[in-house]
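The values are calculated or read from the model by the stated rules, or taken from the named source; none is laboratory data. The model shown is predicted, which means the values in this text are computed figures rather than measured ones. FYI the Cβ positions are ideal-geometry reconstructions off the backbone, even for glycines, and counts take in every protein chain you see.
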Amino acid sequence: MAEATKRYAVVTGANKGLGLGIVKQLASDGITVVLTARDEKRGLEAVEKLKQSGLAGQVVFHQLDVANPATILPLAEYIKTQFGKLDILVNNAGIMGAAIVDTDAFKAAAASGIPEGTDWKKMMTQNYELAEECVQINYYGAKRTTEALIPLLQLSDSPRIVNISSSWGKLNNIPSDWAKGVFSDAENGTEERIDEVLTQFLKDFKEGSIESKGWPSFMAGYILSKAAMNAHTRVLAKKYPDFRINCLCPGIVKTDINFNAGNVPVEESAARVLKLAFLPDDGPSGFFFVESEVTGF
């Protein structure tokens, strides 16, 4: 009987930062967590640290590079063999898709909650290769991981998916009316239409025409990848009505991605993720949360 009520979770990109904080809180609540990371050494070291803090037996490591489809199926097989089901998936792995050129200015902006009028072009630079990598990891990596693990989530009594997104993915950050129209169409949204937008975006970026074609002028890969993730969350929620599937902007978290200059502690952001991971069966699904509040896409 105890085995039947045991719950299992997967957190991607979890060897440090917010991912590690989420693993720690899930494990502290009695969930058996599979901590995944691209780098096996760093992943195993993270698990070891958690064991030393009293979570031995609650956390296991499995290598996963969401950008490499060949690493996703072995993870699904491992969960199937070891646990027989999955209850919670947190898609946390992600990158910024831009290179910081003025670290001090970037840290100052992050520390003050990114004030309006921040001149991002002075702080960072972007190119096609960075944007493509960002879309592949942030959107397609999460999508492929989810697809592979859905059959195991369907075996759960209370399947939950939390997609770690960002306020940067809000539609008002995308000038293109066509892209906004596709991403905001809750009734007719499909994975194919999302793909269409991303394919066109990357084509225009490669040709050097992102601004003239209505794409964001900075952090374009990040904005598009997160907007796509938000749209995909609604598509999935509609397709799997028994699941609770939501996306969340956890705030500007103090992590490596912003040189630990964020204004929200990891513990606070991780608690917001757990709130969605533990939603009741009649809880919201297909929504975008900023911190703890439902907001528009």
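Return a yes/no flag: does the range 24-31 have any residue that is at pLDDT 95 or above, of a type in the set (A, V, I, L, M, F, W, C) and not in a loop (DSSP other than H, G, I, E, B).
Yes, the range 24-31 has at least one match.
Can you tell me which residues in the range 154-169 are under 29 Å from residue 215 (Cα atoms) and either surrounded by fewer than 20 Cβ atoms within 10 Å (Cβ to Cβ) or polar (S, T, N, Q) (or both)?
Hits for the range 154-169 are 163, 165, 166, 167, 168.
Looking at 239, 170, 226, 206, which one is free of Cβ contacts under 8 Å to residues at least 12 places away in the same chain and on the phi < 0 side of the Ramachandran plot?
The unique qualifying residue is 239.
With the structure loaded, tell me whether residue 56 is surrounded by 15 or more Cβ atoms within 10 Å (Cβ to Cβ) and aliphatic (A, V, I, L, M) or whether it fails that test.
Judged against the criteria, residue 56 is not a match.
Restricting the range 190-203 to residues that are surrounded by fewer than 19 Cβ atoms within 10 Å (Cβ to Cβ) and touching a residue at least 24 places away in the same chain (Cβ under 8 Å), which is nearest to the chain's Cα centre (by Cα)?
Filtering the range 190-203 for residues that are surrounded by fewer than 19 Cβ atoms within 10 Å (Cβ to Cβ) and touching a residue at least 24 places away in the same chain (Cβ under 8 Å), the one nearest to the chain's Cα centre (by Cα) comes out as 191.
Listed residues 175, 151, 115; which is surrounded by fewer than 16 Cβ atoms within 10 Å (Cβ to Cβ), within 24 Å of residue 65 (Cβ to Cβ) and not polar (S, T, N, Q)?
It is 151.
For the range 48-67, give me each residue that is closer than 23 Å to residue 144 by Cβ and among the β-branched types (Val, Ile, Thr).
Scanning the range 48-67 gives 60, 66.
Considering only residues of the range 275-286 that are in contact (Cβ under 8 Å) with a residue 40 or more places away in the chain and over 14 Å from the mean Cα position of the chain (by Cα), which is nearest to residue 227 (Cα to Cα)?
Across the range 275-286, the extreme among qualifying residues is 286.
Is it true that some residue in the range 66-85 is over 20 Å from the mean Cα position of the chain (by Cα) and at pLDDT below 95?
Among the residues of the range 66-85, not one is over 20 Å from the mean Cα position of the chain (by Cα) and at pLDDT below 95, which makes the answer no.
Quick one: would you say residue 169 is among the small types (Gly, Ala, Ser) and more than 25 Å from residue 38 (Cα to Cα)?
It is false that residue 169 is among the small types (Gly, Ala, Ser) and more than 25 Å from residue 38 (Cα to Cα).
Sort out which residues of the range 231-285 are assigned to a loop (DSSP other than H, G, I, E, B), crowded, with 20+ Cβ neighbours inside 10 Å and modelled with pLDDT of 95 or more, and write them in order of number.
Those that are assigned to a loop (DSSP other than H, G, I, E, B), crowded, with 20+ Cβ neighbours inside 10 Å and modelled with pLDDT of 95 or more: 243, 285.
Among the residues in the range 127-137, are any more than 14 Å from residue 221 (Cα to Cα) and either in contact with a Leu (Cβ under 6 Å, 6 or more places away or on another chain) or surrounded by fewer than 18 Cβ atoms within 10 Å (Cβ to Cβ) (or both)?
No, the range 127-137 contains no residue that is more than 14 Å from residue 221 (Cα to Cα) and either in contact with a Leu (Cβ under 6 Å, 6 or more places away or on another chain) or surrounded by fewer than 18 Cβ atoms within 10 Å (Cβ to Cβ) (or both).
Give the residue that is surrounded by the most Cβ atoms within 10 Å (Cβ to Cβ), with candidates limited to residues of the range 86-98 that are hydrophobic (A, V, I, L, M, F, W, C) and at pLDDT below 95.
98
So residue 14 ticks every box in (1) modelled with pLDDT of 95 or more; (2) surrounded by fewer than 24 Cβ atoms within 10 Å (Cβ to Cβ) but one. Which box is left unticked?
(2)
Give the residues of the range 49-68 that are on the phi > 0 side of the Ramachandran plot and assigned to a helix (DSSP H, G or I), sorted by residue number.
54, the sole residue that qualifies.
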